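See below for the structure under consideration.
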C-alpha cells in the first residue's frame, strides 16, 4: 500500500517554503508541517515506519536551507550522509493527520552532527529519531567545525546531552561489520 517513491514533490515544496522563511542557527529548533497522505500508509492504515524515516529527511533539509548549510554544500560540492539513527515510535499517525515535525542539531563531535527530530499530532509526540549525520567531500567526511566555518557561522558552544553521548558510546560497542547470526 505504501508508495516506495521518494517524496520529491514534498521535498521541492519544503525547499521553496524554507527559502522564504527567516534564517536560523543550525542549533535552533525548526518546525515544518505536512499531512499524512494515502500513499504514506501501510496495511494497518497508519504512517509506515519506513516512510517516517524518509519524511524525517524533509525536516533536516528544511533546517539545512534555513541555516545556510544547503548553499554551502552547493558551493563546495559537498553532500550529506546519514551514518546512524535511533528511532522511537510511540503513537500511531493516521491518514490525513496534520504532522508537526521538529528538527534541531543537539550536538557535534569531531566527525558528526547529531540531530534530534520528532513528529507531533495534535500536540502529542508520536515518534522521535536521533540522527548521526555528516557532510561528505571527495576526500571523505568533512569535520563539523570546517563545515560551520565554511558556512560563515560561529560554532555552537553546546555540551552534548547525556542521552546523546550514551548513544554515541553504545554505538562503539556494536560490532562492525555485522556478525553473521544465520
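Laboratory data are not the source of any read-out in this text; all were calculated from the coordinates shown. Fair warning: this is a prediction, and the values are worked out from it, not measured in the lab. Cβ atoms come from the backbone with ideal geometry, glycine included; neighbour counts cover every protein chain shown.
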Tally of residues being touching a helix residue (DSSP H, G or I) at 6+ places or on another chain (Cβ under 9 Å) and more than 22 Å from residue 156 (Cα to Cα) across the range 86-113:
8
Filter the range 147-159 for residues that are touching a strand residue (DSSP E or B) at 6+ places or on another chain (Cβ under 9 Å) and surrounded by 14 or more Cβ atoms within 10 Å (Cβ to Cβ); the one that is farthest from residue 90 (Cα to Cα) is 150
For the range 119-139, does any single residue satisfy the condition of being touching a helix residue (DSSP H, G or I) at 6+ places or on another chain (Cβ under 6 Å) and part of a loop (DSSP other than H, G, I, E, B)?
no
